Each structure stands twice: as structure tokens, then as C-alpha cells.
Amino acid sequence: MSSLLTYAVAGVQALQPYAPGKPLDELEREFGIRQAVKLASNENPLGPSPQVQQVLREQTAQLSRYPDGNAFALKSALAAHLGVAAECLTLGNGSNDVLELVARAFLSPGTSAVFSAHAFAVYPLVTQAVGARARAVAAHDGSNGPSYGHDLAAMLAAIDADTRVVFIANPNNPTGTWVAAAELRTFLDRVPAHVVVVVDEAYFEYVEVADYPNALAWLEDFPNLLVTRTFSKAYGLAGLRVGYGVSQAELADILNRVRQPFNVNSLAQAAAVAALHDVEHLQRGLEVNRQGMRQLELGLAELGLAFIPSVGNFISVDTGREAGEVYTALLREGVIVRPVANYDLPGFLRISVGLPEENQRCLAALARVLAL
Ligand SMILES: *Cc1c(COP(=O)(O)O)cnc(C)c1O
């Protein structure tokens, strides 16, 4: 270990940094490939609403001013949209920022956070960064719940006297599995009242299954419930970094105490308001996803590849071998997907749903690479 690292706080010494999807221009630099397709970060293939682009042009004139630290316009728009009071909102520089606020406010050495195996990589990161213990609970094995999905009964059993936070991704990334309403409600009813339950709904706009819960409807019953959402996925604003948490006002007040005053920049605030209002653009994106998901599911089935059924805007496919080599071979074909070995899924690749021609390129490249 380098000498400076030995002086870093213990949790940080052991951290593995988050591995993001490979950027397009990096692939072009490294492989000299043009016109590559990136289906690696669950981004919206349509891009943001045209109304967002217009608002951004107008906002650049104001860039010498600090943003509104309390984000009055965005909070008002969100409060109306969600049917909650503005005091119940916590804005973040992406919803990842809100996850970090939870860790900073509730976790410390001697405490722990519980989450599922194969769950979003940011949960262990924010937990360990503040010196708390990260406890991953085995996922369903398929016998009494969807394979790879969260096992909430096992997660409940894993909560002990040290546990302060539970992270539930619904749906989960990278598995695309979801937790049904009855199962989540039972969990919330039984979890100790002092344990903060984060229900991460980064992909909730995409979900169309009937038993998917509306966790917002339960906020009144649970002062320890925080629902997080984002503008990065269905609204196509990943590059601007804006997400939010919804909770009772008491929990929002705690989170806002550790929030940087200007964590959401002025362009992001204005863009998010415009994005929220362009319902048609959102709907177009959901339709593109619906069709693209069907295209990928059919194409993968034709190739004889198994995948985890997903309700999000991505799908994890079982390559039947170490997926790292397949990933690299796909890069050479100009297709960027996401290896998920760091999620304890070494044979899988996660493919984000793209435009029809992008999905097609990915399927064709997969067929060539796997020689199917
Ligand atoms: C993409 C994603 C997020 C959102 O991250 P942002 O910081 O809002 O861009 C949160 N949770 C999960 C599970 C995700 O996959």
C-alpha cells in the first residue's frame, strides 16, 4: 500500500472505485473506431426533450450567478407533479448524491447498511466510504422468488442492532428485477422504525408490471422511508446530474443538512423543470424502450442466449462464458456494453436498450463474436 493511502480513513483504503461505462470517445481513441454504439450506461437513446435544449440556451446567460440553493422552481414543479409538499424533497447532483447524503447522515464506523447481492454498486461504495459495514444479502435463487432478485425476507433477517440503512433498488440495476407491492409493504411494516429504507426507483417510469408498488403512496405511513428518483434515465439528462429523494419532511430536513448548498447547478434545475413538463417526449422514450426491449429479447432468444427478464431500460444476458472476453470483442466491433463481473455476475453482460438500429448492431455483433 502506498504510504499516503495508509493514512486515508479505513473505509476509503478498501474502496474499489465505481467503474463507469466506457465513453464513446475513449473507444474511438483506443481502438480507432468511428460510429460506435454505446449501450452501456442505461442512457436515453432519444436524448433530452427539445424543450430542454431551448431552456439551456436561455440559461447560459445567467451562469455567473449561483444557482438557487433551495431550487424553488424545480421543487415546486416536482411537488406538484408528485403530489407532495416541497419540504419532502431532497435534491441531488444525480440521485447518487442523495444516496451519499443518506450514508453521511446515518452511517458511521460501527454501523451497517444492508442491500442485496447483485444490487447497484453505489450502495457498498457510499457505505464503505464513511467507514460503515456493507452487508450484501444473497439474492433469490429462483426457488421462491425471481432469480437474482432481492430477497426481502432474507434482507429483513439480516438487519441487526447496528443496521441503520437498507437499500432496495426497484427495479434493480443490473438485474432488471423488481420487488412486488405486497412484498415491499410487508418488509416496510416489519423493519425497525429507526432503520432508513431507501427505495431506489431510478427506472420506475419504465416499469409496466401490474404488481409494481407505488412507494410514494406509503410515505405517510413510514417516517423512515426515502424514495429516490432521477432525471438521468427516462428524462435523458444523465450529463446534467439531477435526481431527488422524497420522504417525510423530517427525513428530508436531516438529508438537507449534509447537502452542499449548490449541489444542483442552475442548468440542471432549469432543464429538469422543462423535462418534467414535456410529457410527450417522455412517452416517446418509453415507447422506444418498450419496442427495443422486445427486439433485444427476441434477438437474444434467437441466438439461444439466456437473459434475466428486466422491467428497466437494460437487460443482462448470460454469455455462457467469462463475459470479459466477449465485452472486449464487442468493443472491437464498435459496440460498448457493460461487463457486470463486479456485481458478482461474471458470465453476464448488461445491454442498455437503444434505438432499433443500435439494438440490431449489438445483436449482430454478439452473434459474430460468439460465432452463433
Ligand atoms: C442509474 C441509476 C441511478 C441514477 O443515478 P444518477 O446519479 O441519478 O444518474 C440510481 N440508482 C440506480 C439503481 C441506477 O441504475
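Read-outs: derived from the displayed coordinates by stated rules, not from any lab. Everything numeric here is computed off the predicted structure, so don't read it as measured data. As a convention, Cβ positions derive from the backbone with ideal geometry for all residues, glycine included, and neighbour counts pool all protein chains shown.
Averaged across orientations, what area in nm² does the convex hull of the alpha carbons in segment 1-111 project? Seen from a random direction, the Cα hull of segment 1-111 projects 12.7 nm² on average. When the chain is treated as a GNM with alpha-carbon contacts under 10 Å, the residue of 175, 60, 328 showing the greatest mean-square fluctuation is 60.
For residue 75, the lysines whose Cα comes closer than 29 Å to its Cα, not counting residues fewer than 8 places off in the same chain, are 233. Under the combined filter of DSSP loop state and at most 11 neighbouring Cβ atoms within 10 Å, segment 293-372 retains these trypsin sites (Lys or Arg not before Pro): 321. Placing a pseudo-label 7 Å from each Cα along the Cα-to-Cβ vector at residue 60 and residue 290 gives an inter-label distance of 3.6 nm. The stretch between residue 318 and residue 370 holds 17.5 nm of extra length on full extension. This uses 0.36 nm per residue minus the Cα-Cα distance. The slack between residue 85 and residue 210, meaning 0.36 nm per residue of separation minus the straight C-alpha distance, is 42.3 nm. Multiplying each eigenvalue of the alpha-carbon gyration tensor of segment 98-237 by 5 and taking the square root yields semi-axes of 21, 17, 15 Å, largest first, rounded to whole angstroms. Taken along the Cα-to-beta-carbon direction at a fixed 7 Å, the label points for residue 15 and residue 51 span 3.8 nm. Seen from all directions on average, segment 244-318 presents a Cα convex hull projection of 7.8 nm². Between residue 250 and residue 280, the C-beta separation translates, for a Förster distance of 41 Å, into a calculated FRET efficiency of about 0.65. Over segment 50-277, Cα pairs under 8 Å with separation of 6+ residues give a relative contact order of 29 percent.
Taking only the C-alpha atoms of the chain, the Rg (one decimal) and the largest Cα-Cα distance, Dmax (whole number), read 20.5, 58 Å. Picking from 233, 22, 38, which is most flexible by a Gaussian network model of the chain using Cα springs under 10 Å? Comparing 233, 22, 38 in a Gaussian network model of the chain, the most mobile one is 22. Across q = 0.09, 0.11, 0.12, 0.20 Å⁻¹, segment 214-338 modelled as identical point scatterers on its alpha-carbon atoms has Debye log10 I(q)/I(0) values of -0.43, -0.62, -0.72, -1.17, in the order of the q list.
Say R0 is 41 Å: what FRET efficiency, to the nearest 0.05, do residue 220 and residue 33 get from their beta-carbon distance? Please list the in-between numbers first.
Numbers: r = 52 Å, r/R0 = 1.28.
About 0.20, to the nearest 0.05.
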